[in-house]
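Every number here is computed from the coordinates shown, using simple stated rules; none is lab data. Being a predicted model, the structure only gives us computed values, none of them experimental. Ideal geometry is used to build each Cβ from the backbone, glycine not excepted, and the neighbour counts take in all protein chains shown.
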Ligand SMILES: *[C@@H]1O[C@H](CO)[C@@H](O)[C@H](O)[C@H]1NC(C)=O
Ligand SMILES: *[C@@H]1O[C@H](CO)[C@@H](O)[C@H](O)[C@H]1NC(C)=O
Ligand SMILES: *[C@@H]1O[C@H](CO)[C@@H](O)[C@H](O)[C@H]1NC(C)=O
Ligand SMILES: *[C@@H]1O[C@H](CO)[C@@H](O)[C@H](O)[C@H]1NC(C)=O
Ligand SMILES: *[C@@H]1O[C@H](CO)[C@@H](O)[C@H](O)[C@H]1NC(C)=O
């Protein structure tokens, strides 16, 4: 069967489309399923990037700047040129520009500014990029930054951020889901903490009288996994053999999982903590920010100093309520649940950010039947044609000319029939 030799050469052409994974839901390392997935890769900008915006050294007339504030004083907060202004970015993220007046509890005036979020090259050859978020203490105020997700109706999620935080003490770098002060799951780096430590909290962390609620917030040593949260249950776990130090000023992937009744936190895929206190119950959005307000939590930053948070990517698997991602309708989208045949995994994949068809027996379901139909048909056509050539002993050109039924319309028709007739996928797989 000489003709069969042609198949290996054709496979590379056919397989990629047959194997293209059409994910209907996404499974995490902890076995939770989500119907939405986004990978926001901030490393993709190349070439010399637009200049870093100047520090916004003056305040708008009120904490909510107006168009007039911006036109009269561009340094209040001009966006960087380039990607930050693109549809791709602005359809997913919104850079905030609100501020807050000082109070007795939070004595430093704080102002979020659009110019504190920008992209820079991540390497000397300018071939990749990262997002930088900046905060700076001026004499009379703290210039800060906040980025909110456009998706506002997230109800349960697994969110991962590859980031590092460094700079002066007195800043808080936050990655968190938010609806209100009682529905908020936080990952926070306090730059006044030792670089080996991180804070995991569910709000509220203080009661009506301003006292800390035991167990609401936990300080975790990311290396030893020692933890303190003001309860007797603290120091539950201690890693036997500490590996290299995990520090917030090095690049690590920080992850929070929010599911019904439980929040869990991870670093580089390693599970560090669960919390059942204060698990949010309402549709929320995702926020990343870097701020300070002179309160007890953030502390004060020394005047003239800065802190930075750098982000390479944000990966989110999540469920939403309502049909529209921006609605806060509480009806959980049902359609996807019913047809969650093709499951993809997002952890332990070859390339982070590229979900893969689930392994055990799921190859079958992850393969798009339509593409598979095309692949089988093409192989059949090749065999047919080759056999015909062999039979007639004539030239390929002649033989091909004798196959009128195999024009595009005919192929389309065949495909439909195959799909409608239900191709036996197991046999088809073995056949390939
Ligand atoms: C990288 O970009 C900067 C400007 O952003 C430029 O000055 C520098 O020469 C570039 N480096 C390379 C290796 O192209
Ligand atoms: C979340 O917000 C809702 C609506 O405002 C509220 O009823 C609830 O107590 C909040 N907190 C938690 C943990 O559910
Ligand atoms: C966290 O744990 C590591 C490893 O045991 C240790 O070297 C480091 O000092 C600890 N950090 C703090 C603040 O105790
Ligand atoms: C920060 O400084 C202000 C004075 O500018 C002071 O009132 C406040 O107590 C300080 N905050 C902390 C946490 O020490
Ligand atoms: C997300 O929604 C799907 C479909 O409704 C459901 O099967 C899954 O359990 C949900 N995930 C979580 C973590 O609640």
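The fraction of all Cα pairs in region 162-231 landing in successive 5 Å bins from 0 to the largest distance is 3, 15, 24, 26, 21, 9, 2, 0, given as whole percents.
When the Cα gyration tensor is reduced to axis lengths a ≥ b ≥ c, the ratio a/c stays below 1.5 for region 25-357, which is therefore classed as rounded. When only Cα pairs under 8 Å and 6 or more residues apart are kept, what is the percent relative contact order across region 25-357? In percent, rounded to a whole number, it is 25.
Name the shape class, rounded, prolate or oblate, that the alpha-carbon gyration tensor gives for region 105-152, where a ≥ b ≥ c are the square roots of its eigenvalues, rounded holds for a/c under 1.5, and otherwise prolate holds if a/b is larger than b/c and oblate otherwise. Judged from the Cα gyration tensor, region 105-152 comes out oblate (a/c at least 1.5, b/c at or above a/b). Among 157-167, 184-194, 69-79, the peptide with the highest mean count of other Cβ atoms within 10 Å heads the list, and the full ranking is 157-167, 184-194, 69-79. Residue ranges 27-40, 137-150 sort as 137-150, 27-40 when ordered by packing (mean number of other C-beta atoms within 10 Å per residue, highest first). Label sites at residue 101 and residue 66, each approximated as a point 7 angstrom past Cα along Cα to Cβ, lie 1.7 nm apart. Considering only alpha-carbon pairs that sit under 8 angstrom and 6 or more positions apart, the relative contact order computed for region 45-130 is 38 percent. The slack between residue 87 and residue 208, meaning 0.36 nm per residue of separation minus the straight C-alpha distance, is 39.3 nm.
Available extension along the chain between residue 39 and residue 128 is 30.4 nm, counting 0.36 nm per residue and deducting the alpha carbon span. Once the Cα-Cα distance is subtracted from the 0.36 nm per residue extended length, the residue 75 to residue 22 segment shows a gain of 14.5 nm.
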